Amino acid sequence: MKTLSSTIVISDLNILGLLGISVTLIVAFYYQIILHEIPCPLCLLQRVGIIMIGIGFLFNLIFGINQLHYSIIILSSITTCITAT
């Protein structure tokens, strides 16, 4: 049984995860747009995976905590790791 404090902690962790994903993408787009560094195809694939991870965190915050949203995060993480090798 979930208590109110554990739900708040889980929501805070989802916010922290989404913040980390956002900072990663902001830095990547800074290098691309401001510094005119063209990303390689591998970097573009990894950005798609990172965006999908962020969507999983965002779904948890908007629609409530659900195992399906965490499965999106896990599958996106695994797919991003596979494309990086």
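Approximating the spin labels as points 7 Å out from Cα along Cα→Cβ, the Leu61-to-Val23 distance works out to 1.4 nm. Counted residue by residue at 0.36 nm each, then reduced by the alpha carbon distance between them, the extension gain from Glu37 to Leu68 reaches 7.6 nm.
Our helix-only sum for the chain, with -39,500 (n - 2.57) per DSSP H run of n ≥ 4 divided by its residues, gives a mean residue ellipticity at 222 nm of -29500 deg cm²/dmol. Taking the convex hull of the alpha carbon positions in region 1-68 and averaging its projected area over all directions gives 5.3 nm². Pop the C-beta distance of Thr83 and Ile10 into the FRET formula with R0 = 25 Å and round what comes out to the nearest 0.05. The formula returns an efficiency of 0.30 here.
Note that region 3-20 has calculated 3J(HN,Hα) couplings of 9, 5, 5, 5, 5, 5, 5, 5, 5, 5, 5, 5, 5, 5, x, 5, 5, x Hz, one per residue in order, obtained from phi through the Karplus relation 6.51 cos²θ - 1.76 cosθ + 1.60 (θ = phi - 60°); glycine and proline are x.
The relative contact order of region 8-74 comes to 39 percent, based on Cα pairs under 8 Å that sit 6 or more residues apart.
Only the coordinates and a few stated rules stand behind these numbers; no lab work does. Predicted model only: the values in this text are computed from it and were never measured. Please note: Cβ atoms are built from the backbone with ideal geometry, for glycine as well, and neighbour counts cover all protein chains shown.
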